[in-house]
């Protein structure tokens, strides 16, 4: 028995020692030869901005607060499929960001509760468990910078959670809901009070939609997102008219067509 | 009693060596990301992040991240390479990696310092950018790690 243990023990030490030696040898012989370049779609990944950043940029360009535009918290109970829960988790995140940047702290707290409720349905309770977010929001009423920092912390927490739990495929779906809702808010405010800066910022979102479509296509192995991708592609066609210029902006008619399609898709998502 | 102590010691040693081996290849992305947060604050707010897991191969290869940036806004790119067992190259290009007219805006090898794992880049102009990781060839089996990229914004 003793012999067996000694053999096992010495083998395990040898194993670790051999692995370390291998590492050194390889480092010395490290030669970079021909490099396969990033031309294949599968070796690229697509970064999606935080809904908070988009909302803040819209706000700096004239996105004012209009009550009753956001999705009702009561609707959360009716989202019974994982797909509608993920999309509407994004919608509510965008609504919370919209309330925060407009100092509507109580509404933001209500959206936080709704997000927690949805996260429980999605088995993502840990995202909110340890943050004491409601208290932090309450303690910082009127403190714009602190409120946006709290929202940014929530984004970090969500990103970490999805990564640690191998749920990277969920991120683009949640983001789709958030992006559509932010675009919806921008489109509605612009319809109420047309604003050149806001139209420019709405146009600029074509770069995000491009990345979003690629990210969704990467996770669409089982064709679960065919319909969503098709709907987003219709919206993307609005940007085909743009010339490759930094100052490119949709005309009033073009932005109206875009707005109608955004509103339609947003209403489809929240009714799911 | 002596036997119990003897076998327990052996068992503990076995478990420890196994744990050491496992730790060697582990990439605790959240910890690596947390190390980057102070590099953003207080000027920049967290926007998004991408953890790229790397499995070294016998041939060198590239992997990339497409980064949409909004005009006129300020950004800070932050990388943590501490989760990599072997150095990689990081480039940031202004055009698609396949575009022959692309310009390298940032090259890690030109700023790399011994013992330093955190690097930052702030673009002068905000437009879509492409982060490209070049992973060197290795003969070592199952060599893996991760690189963490975090983006901060300032409005």
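The values are calculated or read from the model by the stated rules, or taken from the named source; none is laboratory data. All values reported here derive from a predicted model rather than from experimental measurement. We place every Cβ from the backbone using ideal geometry, glycine too, and count neighbours over all the protein chains shown.
At a glance:
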item	result
Conditions (1) modelled with pLDDT of 95 or more; (2) under 28 Å from residue A:210 (Cα atoms); (3) outside any loop (DSSP other than H, G, I, E, B); number of the one not met by residue B:38	(2)
Selected residue (criterion: surrounded by the most Cβ atoms within 10 Å (Cβ to Cβ)) from residues of region A:112-132 that are part of a loop (DSSP other than H, G, I, E, B) and modelled with pLDDT of 75 or more	A:124
Selection status of residue A:149, within 14 Å of chain B (Cβ to nearest Cβ), touching a residue at least 12 places away in the same chain (Cβ under 8 Å) and either touching a strand residue (DSSP E or B) at 6+ places or on another chain (Cβ under 8 Å) or crowded, with 16+ Cβ neighbours inside 10 Å (or both)	no
Any hit, region A:130-145, residues being out of contact with any helix residue (DSSP H, G or I) (no Cβ under 6 Å at 6 or more places or on another chain) and touching a residue at least 40 places away in the same chain (Cβ under 8 Å)	yes
Residue check for residue B:145: under 21 Å from residue B:55 (Cβ atoms) and in a strand (DSSP E or B)	yes
The one condition in (1) surrounded by fewer than 19 Cβ atoms within 10 Å (Cβ to Cβ); (2) closer than 15 Å to residue A:61 by Cα; (3) within 11 Å of another protein chain (Cβ to nearest Cβ) that residue A:188 fails to fulfil	(3)
Among residues of region B:121-139, those that are at the interface with chain A (Cβ under 7 Å from one of its Cβ atoms) and either closer than 18 Å to residue B:90 by Cβ or surrounded by 18 or more Cβ atoms within 10 Å (Cβ to Cβ) (or both), counted	6
Residue match in region B:25-38 (condition: buried (at least 17 other Cβ atoms within 10 Å of the Cβ), within 10 Å of chain A (Cβ to nearest Cβ) and touching a strand residue (DSSP E or B) at 6+ places or on another chain (Cβ under 6 Å))	yes
Given (1) at pLDDT 95 or above; (2) facing chain B (nearest Cβ under 9 Å); (3) outside any helix (DSSP H, G or I), number of the condition residue A:57 does not satisfy	(3)
Filter result for the condition that a residue is part of a helix (DSSP H, G or I) and touching a strand residue (DSSP E or B) at 6+ places or on another chain (Cβ under 9 Å), over A:214, A:268, A:233, A:257	A:214
Any hit, region B:101-113, residues being modelled with pLDDT of 95 or more, at the interface with chain A (Cβ under 8 Å from one of its Cβ atoms) and within 29 Å of residue A:157 (Cα to Cα)	no
One residue from B:74, B:86 being more than 13 Å from residue B:132 (Cβ to Cβ) and at the interface with chain A (Cβ under 10 Å from one of its Cβ atoms)	B:86
Matching residues in region B:141-155 - criterion: being over 15 Å from the mean Cα position of the chain (by Cα) and buried (at least 18 other Cβ atoms within 10 Å of the Cβ)	B:152, B:153
In region B:43-90, the residues that are part of a strand (DSSP E or B) and within 15 Å of residue B:123 (Cβ to Cβ)	B:47, B:65, B:66, B:67, B:74, B:75, B:76, B:77, B:78, B:79, B:90
In region A:237-254, the residues that are assigned to a helix (DSSP H, G or I) and within 14 Å of another protein chain (Cβ to nearest Cβ)	A:239
